[in-house]
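**Q** I am attaching a structure below and will ask some questions about it afterwards.
The values are calculated or read from the model by the stated rules, or taken from the named source; none is laboratory data. Everything numeric here is computed off the predicted structure, so don't read it as measured data. Reconstructed Cβ throughout: ideal geometry from the backbone, glycine too, with neighbour counts over all protein chains shown. What goes into the accessible areas is simple: the full protein's heavy atoms, side chains included, and nothing from ligands, DNA or RNA. Shrake-Rupley method; radii C 1.70, N 1.55, O 1.52, S 1.80 Å.
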Amino acid sequence: AMRRDEAIRIPADFDYSCLVGLSNELRVKLTVARPETIAAASRMEGMTPAAVTLILARIRQARKELTA
């Protein structure tokens with residue numbers, strides 16, 4: 001499941017500021033770096049498993065909203 005999740009692409013217009021629970025430092029780093037995939041985001045300095053989970057959850061939620 002982890003390998004599958006690592007391949008998930010992060011939308012170019014993903015709004016990191018809407019993620020409650022993400023540190024301000026990570027918000028800034030992610031906004032500047034704009035990683036293309038979960039794997040790229042997870043390799044960033046300071047990234048935690050919890051932060052990766054928050055990003056994944058928001059991406060999945062957005063996908064569900066699009067199909068509903």
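**Q** Considering only protein heavy atoms, what per residue accessible area in square angstrom results for region 1-60 with a 1.4 angstrom probe? Before the final figure, lay out each step's value.
**A** On the way: 3820 Å² over 60 residues.
Value for region 1-60: 64 Å² per residue.
**Q** Mind grabbing the accessible area of Thr67 for me, 1.4 Å probe, Å², rounded to tens?
**A** Answer for Thr67: close to 120 Å² accessible.
**Q** Only four residue types carry charge here, +1 at the Cβ of Lys and Arg and -1 at the Cβ of Asp and Glu. Report the dipole size of the chain about the Cα centre in Debye, rounded to the nearest 20.
**A** On the way: 11 positive and 8 negative charges, 41 e Å.
In debye, rounded to 20, the chain gives about 200.
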